[in-house]
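Report on the following structure.
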Amino acid sequence: MTSRQFYFNRGMIRQNLRQHSWIAAVYLLGLLFALPLQMFLGGNPDTPPQKVKDLFFISGSLPMLFTLSLPVAAGLLLFRYLQHKGAADMAHSLPLRRQHLLTVQLFSGFILLLVPVWLTALAAGVVQSWDGNMFLYSGADVWSWGAIVSVLTLFLFTLTAFVGICLGLTVLQGIVVYILLILPAVLSQMVFYHLSIYLYGFPYQNSMRGIDYWSPFLHMMEITSKPYTWGELGIYAALIVLFVLLSYLLYRKRHVETAGQAMAFTYFNPLFKGGVMLSAMLISGTYFAQMRPGLSGWSFTGFALGAVIGYAGAEMVIRKSWQILNRKLPLRFAGYAVVLGLLLYLPVSPLTGFETRVPAADKVARIYAGSNYQAYTDSQSAPVSNVDYYTIGSPYKGVDPFSSDSAYITNVRKLHEALVQVRPGDGEDRYKVYTGRKLFGYTLVYELKDGHKITRQYNVPQAGFEPELKAVMESPEFKRTEYLLPLLDKPISNIQVSSGVRSVTISDPADIAAFKELLKKEILNMSFEDQTDDAVPLATIRVATEESMKHPYSGYLFEGYNWKPSFHELGAWLEQKGYAEKVKIKADDLLSVEVAKQSGEDVLPKGVNYDPEAHLRFAREKGRSVIVKDKARIDDILKIRRSYSAEKGSYVALLKFKSGNSDFFRLDASEMTPELKGLLP
Amino acid sequence: MIEIREVSKVFQDRKAVQGISLTIHKGNIFGLLGSNGAGKTTLLKTIAGIYLPDAGSVRIDGKPVFENPDSKGRIVFMPDFPYFFPQASILQMADFYRSVYPRWSGERFKELGGLFSLDPRRKLNRLSKGMRQQAAFWLALSCMPDVLIMDEPLDGLDPVMRRQIKNVLFQEVAERGLTAVISSHNLREIEDLCDHVGIMHEGALLIDKELDELKSDTHKVQVAFRDERHEAALSGKLQILHRERRGSVCLYIVKGDRERIADAFRVYNPYVLDLLPLTLEEIFIYEMEGAGYDIAPILL
């Protein structure tokens, strides 16, 4: 026989196709149903055909349902011959080398799986211009759909094949494949959570960004909300090549007699045991730490429990028996426990210097500080499909969050140093830290001159950090990124000012220009106190840029600005132009206001301390609440109302609007007019 | 010629085959005997190139077997439970083997069709164990192997079919010089088939003998001596495997040339002297006893 006859043995391929063609048939039917058919069944028949950003838009993750199942099924069935004793003996007694067998199986799988994908893409191309097709798309869309689904299909198939080489049980093979498809997301989430519990300043939120997409399974299920980028497809393609190469390499070393055993290679056992044990420890340790925060006894119990369960579980799978106890077991377990304990402890130990590291000022090139870092870093990479649609999805897009201003760097470093020294909230129950205290969620990001990046996340309490916070928050660099000032420099189509009860839209270009200049000035003039003040804004400001108006399906309306009571100049302008009259809430808009003094913390049970409803009910029961209906007094209340908080000695106010809405606010005795004060108990 | 040198195979701490060396010559039918778990199947699969031995080597006509298509194309392995593709018919399996085994003979396949009363279009998973075994023979022989390795091949076959298959095997050996290796836990089943027999126990090969040599070499002697002292005098002169006394009659199993043994006894002019032939089973019982083993748990 020639080598081609060995590598692509006709009889083997024919047998595979005869035995497994149903997979191709089901895959084809599924994909035809999920794509070309949906082009006619989906969409709104009363509107003209809709232009789509990519073909996944048409039926969502429906095609992915088939792509997630059938390539795995093909991998399980085509490599069943390794796991079934009779089939394994037969296949390996044939005059074929292992590389011949593997090539034939891989090749058969490729044919069985790719033909349906390509036929479906062909069908989508053919029906493109047919009457009744509810969607508009280009040939390039069809090509990119075909490329994405082909790559994902091969990825799942080769992964299943590779896992099949490593294991000896078909059921376990299937389970492990799906675990591996989800594991990257779950495990990294656990790791990040673990780090965030034990590492002060760990940028948890920022690390969790897009973590779902680390799991091929979750990413495929959410393909419409985050299409694949060419870079990601490249990674998948590289993984396909890697799995194929590793399969050839390991298959040469694989013993036929491992059919029916859990693990085909005993040198994988420690890896398997360690992996299962680590995952179990993280899951159980972080679970207990989350349920009972700050109590190290619980989290230690969690880790220990996870270690025992993980080790026992892995041992049971390897031995295919639940009777695993023997004399050597405790010693082996202890060995694993020590290694994994160190693995979990070392990254969060003081040895890393993570918690105390504040980069020297002369090493910092640029810096970011504020609460919006996540918004800045989202939606950065371009997807595979039609680019235009995704690039303007966020108002933060294209705005550089970093500043190289040296005074600003100094101020941020000072805040960071103070935080590292005092460590507010460290080791405390994070829910207790959040409630009843004024906190600022800060992300600090340093871009160092050597190219490294240092990111930290803190909840900074206002109390005790005023000087440091003031220095940072009053700097124009901070305000530029925190309040997204660059957006106001873009061509703006209209601005809506809304108080919740009524709103007005400013669309006169001259007014828009004047308004945004004033708004910028007011924001840049805000003092620290203005920014931390909890006075209720008179209105929210919604900005629609011209570019986002051009893309009604994927544009945005930015609602990040407020008309604060402290914006006197802007207020005067709005009054003068007559806009204020059309926006402001008036006493006439309200039915009544119910006011009561807030009871001391000790009066109410612990859990409802911060519940305005509970405070009001308590006062009502004691006959100490007052219902105000006088217009003049309601006007007083509207002027001094603040965001609700359970400060002792203040008042809780329930505003009932004529529209049927109602809202809780806080009133401070110091700001009340004598007339209002006279009404209250 | 199959050369097995110091072959060992370990399964998860259990030694299935321990340092076996064995040579099976071309045209021989080698019977591998042993109780369940003796390591027969492991040895056969190692010879067939399915298992890689942990130590030692298996060569066929000087060439290694494992991962060597040239050697494996001349070997066919028949497992105790023959495996066929799910839903496949004999014709489909034949089609498959034709594409894989370079020496497949369609002519031979047709010829053998007359021997087996099977419908080649029937699905194999609907056939009985015996019929599947027949199908496995049919397919294996059509591959025209130089070496045919069979694990318990006669289990489940009726006596007529056993006879027929034995005849085909004799024919293959005579006409083409086929080398066959057959395992069984039952000596009687293969004693008329093999010309060479090995007995395995706990992974080791206890005995490896040419049958003709064994048969002509071991004798059962019944004798009644005139004087009991003759008995003692005799034991120094002959290679006695076994001695038993039944009243005045003594039973001897003796190794050696028939005439020489008869002469040795006649010297004492016994009342009775009979030299009787031994069944193969008896020979093995006494041989093993001589080697220090009790055969009952090993064979039968």
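Things worth noting here:
- Candidate set from the stretch A:29-47 (those that are of a type in the set (A, V, I, L, M, F, W, C) and crowded, with 20+ Cβ neighbours inside 10 Å); member that is nearest to A:LEU152 (Cα to Cα): A:LEU31
- Condition met for A:GLY11 (open to solvent by less than 20 Å² (accessible area, probe 1.4 Å) and at pLDDT below 95): yes
- One residue from B:LEU127, B:LEU157, B:LEU148 being farther than 15 Å from B:ASP80 by Cβ and either open to solvent by less than 50 Å² (accessible area, probe 1.4 Å) or touching a residue at least 40 places away in the same chain (Cβ under 8 Å) (or both): B:LEU127
- Residues in the stretch A:62-95 that are more than 14 Å from every other protein chain (Cβ to nearest Cβ) and open to solvent by less than 30 Å² (accessible area, probe 1.4 Å): 11 in all.
- Failed item in (1) without any contact (Cβ under 8 Å) to a residue 40 or more places away in the chain; (2) over 31 Å from the mean Cα position of the chain (by Cα), with A:ASP511 passing the rest: (1)
- Taking the stretch A:209-221 as the range and being open to solvent by 40 Å² or more (accessible area, probe 1.4 Å) and either under 25 Å from A:ALA34 (Cα atoms) or in a helix (DSSP H, G or I) (or both) as the test, the residues that pass are A:ASP212, A:TYR213, A:TRP214, A:PHE217, A:LEU218, A:MET221.
- Residue within the stretch B:91-108 that is more than 12 Å from every other protein chain (Cβ to nearest Cβ) and farther than 23 Å from A:GLN5 by Cβ present: no
- Of the residues A:GLY335, A:GLY313, A:GLY274, the single one that is over 18 Å from A:LEU195 (Cα atoms), surrounded by fewer than 18 Cβ atoms within 10 Å (Cβ to Cβ) and touching a residue at least 60 places away in the same chain (Cβ under 8 Å) is A:GLY274.
- Which listed residue is open to solvent by 10 Å² or more (accessible area, probe 1.4 Å), assigned to a helix (DSSP H, G or I) and more than 14 Å from chain B (Cβ to nearest Cβ), from A:VAL115, A:VAL177: A:VAL115
- So B:ALA264, is it at pLDDT 85 or above, over 13 Å from B:LYS220 (Cα atoms), surrounded by 11 or more Cβ atoms within 10 Å (Cβ to Cβ) and assigned by TED's automatic domain parsing to the domain that holds B:LYS220: yes
- Selection of the stretch B:79-88 for residues being more than 7 Å from every other protein chain (Cβ to nearest Cβ) and surrounded by 21 or more Cβ atoms within 10 Å (Cβ to Cβ) yields B:PRO82, B:PHE84.
- Only one of B:ALA180, B:ALA174 that is modelled with pLDDT of 90 or more, of a type in the set (Gly, Ala, Ser), open to solvent by 50 Å² or more (accessible area, probe 1.4 Å) and under 30 Å from B:LEU278 (Cβ atoms): B:ALA174
- Residue within the stretch A:486-501 that is assigned by TED's automatic domain parsing to the domain that holds A:TYR579, farther than 18 Å from A:PHE558 by Cα and in contact with a helix residue (DSSP H, G or I) (Cβ under 6 Å, 6 or more places away or on another chain) present: yes
- With respect to (1) open to solvent by less than 20 Å² (accessible area, probe 1.4 Å); (2) farther than 25 Å from A:TYR248 by Cβ, the lone exception for A:GLN50 is condition (1).
- Within the stretch A:244-257, residues that are away from chain B (no Cβ under 14 Å) have Cβ atoms under 7 Å from residues that are in a helix (DSSP H, G or I) and open to solvent by less than 30 Å² (accessible area, probe 1.4 Å) in these pairs: A:VAL244/A:LEU106; A:VAL244/A:THR158; A:SER247/A:LEU102; A:SER247/A:ALA161; A:SER247/A:ILE165; A:LEU250/A:ILE165; A:LEU250/A:CYS166, counting only partners at least 6 apart in sequence or on another chain.
- Complete set of residues in the stretch A:621-650 that are modelled with pLDDT of 85 or more and part of a helix (DSSP H, G or I): A:LYS631, A:ALA632, A:ARG633, A:ILE634, A:ASP635, A:ASP636, A:ILE637, A:LEU638, A:LYS639, A:ILE640
- The stretch A:241-262, residues that are closer than 14 Å to A:LEU159 by Cα and open to solvent by 20 Å² or more (accessible area, probe 1.4 Å): A:VAL241, A:LEU242, A:PHE243, A:VAL244, A:LEU245, A:LEU246, A:TYR248, A:LEU250
- Test: residue in the stretch A:130-153 that is within 30 Å of B:GLY73 (Cβ to Cβ), in the same structural domain as A:MET39 (by TED's automatic domain parsing) and at pLDDT 95 or above: no
- Given (1) open to solvent by 40 Å² or more (accessible area, probe 1.4 Å); (2) of a type outside the set (Phe, Trp, Tyr); (3) within 14 Å of chain A (Cβ to nearest Cβ), index of the condition B:HIS25 fails: (3)
- For the stretch A:122-159, taking the residues that are closer than 30 Å to A:SER247 by Cα and free of Cβ contacts under 8 Å to residues at least 60 places away in the same chain, the one that is most open to solvent (accessible area, probe 1.4 Å) is identified as A:TRP143.
- A single member of B:ILE50, B:ILE75 is facing chain A (nearest Cβ under 8 Å) and under 26 Å from B:LEU211 (Cβ atoms), and it is B:ILE75.
This table checks each residue for (1) under 29 Å from the mean Cα position of the chain (by Cα); (2) among the polar types (S, T, N, Q); (3) in a helix (DSSP H, G or I); (4) not assigned by TED's automatic domain parsing to the domain that holds A:LEU152.
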residue: A:GLN15; (1), (2), (3), (4): no, yes, yes, no
residue: A:LEU29; (1), (2), (3), (4): no, no, yes, no
residue: A:LEU37; (1), (2), (3), (4): no, no, yes, no
residue: A:PHE40; (1), (2), (3), (4): no, no, yes, no
residue: A:PHE66; (1), (2), (3), (4): yes, no, yes, no
residue: A:LEU82; (1), (2), (3), (4): no, no, yes, no
residue: A:GLY86; (1), (2), (3), (4): no, no, yes, no
residue: A:ASP89; (1), (2), (3), (4): no, no, yes, no
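- Annotation note: Cβ proximity below 6 Å between a residue of the stretch A:459-486 that is buried (at least 21 other Cβ atoms within 10 Å of the Cβ) and a residue that is in a loop (DSSP other than H, G, I, E, B) (sequence gap 6+ or interchain) occurs for A:GLU477/A:ASP405; A:THR481/A:PRO401.
- Residues (more than 18 Å from A:LEU591 (Cα to Cα) and either surrounded by 12 or more Cβ atoms within 10 Å (Cβ to Cβ) or not charged (D, E, K, R) (or both)) located in the stretch A:641-665: A:ARG642, A:SER643, A:TYR644, A:SER645, A:ALA646, A:GLU647, A:GLY649, A:SER650, A:TYR651
The values are calculated or read from the model by the stated rules, or taken from the named source; none is laboratory data. As the structure is a computational prediction, the values presented were derived from the model and not from experiment. Note that we place each Cβ from the backbone using ideal geometry, even for glycine, and neighbour counts take in every protein chain shown. These area figures cover heavy atoms from the full protein model, side chains too; ligands, DNA and RNA do not enter into them. Shrake-Rupley method; radii C 1.70, N 1.55, O 1.52, S 1.80 Å.
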